[in-house]
Amino acid sequence: MSDLKLDVNIAPMRPMQGAPAQGPGDDPMWSPMSATLIYGQRDAILVDTQVTFAQVDALSDWIDSFNRRLVGIYVTHGHSDHWIGLGRLKERFPDAAAWARPKVHERAVFEATNPGLSAYWQGIFPNEVPTSPVLPERLDDTSIDLEGSELQIIDIGQGDTADSTVMHVPSIAAVVGGDVVYNQVHMMTAETDENARGDWISNLDRIAALDPSIVVSGHNRVGAPFLPTTIAESQQYLRDFSRIVNETETVEDIVSAMLELHGDRDNPRVVWHCAREAVKNRHAA
Ligand SMILES: [Zn+2]
């Protein structure tokens with residue numbers, strides 16, 4: 001058994017194609033993305049893949065710099081931004097397996113085959129993402145061995161999407177949190193209502209109970225340290241969002257109240273998007 005190490009590749013926030021801004025901060029931007037390498041003496045496992053061809057190529061060069069054999073790529077949840085890079089990665093690392101838990105796999109298949117969703121990814125990153133993405137394989141285990149150390153998979157449930165997972169690496173007290181934990185980036189609440197956000201907050205308690213010293217977020221600001229304090233910060237953000245949606249009327253009011261409390265986070269486009277969805281769902285209810 002060797003001591004594992006962990007390092008994180010972050011693709012910075014960048015412009016995407018999208019509907020014009022409705023107000024300040026609403027310019028179409030994609031949040032910073034993380035991919036995490038966990039490695040021993042010889043072998044390495046990657047968690048999540050980056051999105052665009054250029055991001056994946058930079059990620060592949062970065063992986064090469066560790067001089068380890070990439071044996072597997074683990075996908076935390078079904079949103080395409082966390083696995084759509086698999087095909088291009090596997091061109092560089094053909095021997096690496098690609099793994100997703102059954103419900104994550106199911107969601108990935110849906111994202112890859114649903115015409116609306118595929119059009120969405122093509123639309124925001126034209127010519128920068130594959131038209132027929134390579135899918136991960138189903139992983140039936142909740143444990144992955146890396147040179148005698150265990151990487152534990154937790155089917156945690158609600159994060160920014162349902163059926164999310166996180167990876168716990170007990171030997172180094174690390175959690176790779178996918179989109180359950182956010183670090184200095186606005187949180188994507190558009191797939192949640194107040195109840196789902198309550199589940200999400202409880203799931204963050206489950207991560208805190210693991211007592212990690214390293215917590216990597218799927219969307220992690222460049223340079224922001226991987227601190228466990230991001231768990232409580234994420235919970236506070238979700239509580240604030242639910243309260244503000246209940247207390248305020250318009251999209252603009254939700255956005256300005258959220259930015260007053262959390263204006264130092266990356267990518268306010270996300271708040272605008274989530275506020276629009278919250279108002280739309282309120283009217284639908
Ligand atoms: Zn994401």
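Rule-based calculations on the coordinates, nothing more; no lab input. In this text, all values refer to a predicted model and were calculated from it rather than measured experimentally. All Cβ positions, glycine included, derive from the backbone under ideal geometry; neighbour counts span all protein chains shown.
Using the Cβ-Cβ distance between S143 and V8 with R0 set to 22 Å, the FRET efficiency from 1/(1 + (r/R0)^6) comes to roughly 0.50.
You can think of it this way: the chain between S202 and D253 has 15.6 nm of extra reach, that is 0.36 nm per residue less the Cα-Cα gap. Only DSSP H runs of four or more residues enter the estimate; each adds -39500 (n - 2.57), and after division by the residues of the chain the mean residue ellipticity at 222 nm equals -11500 deg cm²/dmol.
The alpha carbon centroids of segment 236-285 and segment 63-98 are separated by 34 Å.
The GluC sites (Glu not before Pro) of segment 184-285 meeting both criteria, a DSSP state outside H, G, I, E and B (loop) and at most 16 other C-beta atoms within 10 angstrom of the site's C-beta, are E191, E249.
Restrict the search to segment 1-79; then list the trypsin sites (Lys or Arg not before Pro) that DSSP places in a loop and that have at most 13 other Cβ atoms within 10 Å of their Cβ. Could the numbers behind the result be given before it?
Details: sites: K5, R42, R68, R69; in loops: R42, R68.
In loop regions of segment 1-79 (DSSP not H, G, I, E or B), the sparsely surrounded trypsin sites (Lys or Arg not before Pro) are R42.
Here the spin labels are modelled as points 7 Å beyond Cα on the Cα-Cβ line, and at Q17 and E191 they lie 2.3 nm apart. Ranking W99, I156, N195 by Cα position along the charge dipole of segment 5-284, where only Lys, Arg, Asp and Glu carry charges on their C-beta atoms, puts W99 farthest toward the positive end.
Each label point was placed 7 Å from the Cα along the Cα-to-Cβ direction; for N127 and T113 their separation is 3.1 nm.
Derived value for segment 5-284: Kirkwood hydrodynamic radius 18.9 Å. Basis is the mean of 1/r over every pair of different alpha-carbon atoms. Measuring nothing but how far apart in sequence close Cα pairs (under 8 Å, 6+ apart) lie, relative to its length, the chain scores a relative contact order of 18 percent. Across segment 176-182, computed HN-Hα scalar couplings (Karplus, 6.51 cos²θ - 1.76 cosθ + 1.60, θ = phi - 60°) run 9, x, x, 9, 8, 10, 10 Hz from first to last residue, x flagging Gly and Pro. Restricting attention to the chain, close to 60% of DSSP beta bridges with both partner residues there are antiparallel. Pairs of Cα atoms in segment 15-165 fall into 10 Å distance bins, from 0 up to the last occupied one, in shares of 11, 39, 35, 13, 3, 0 percent.
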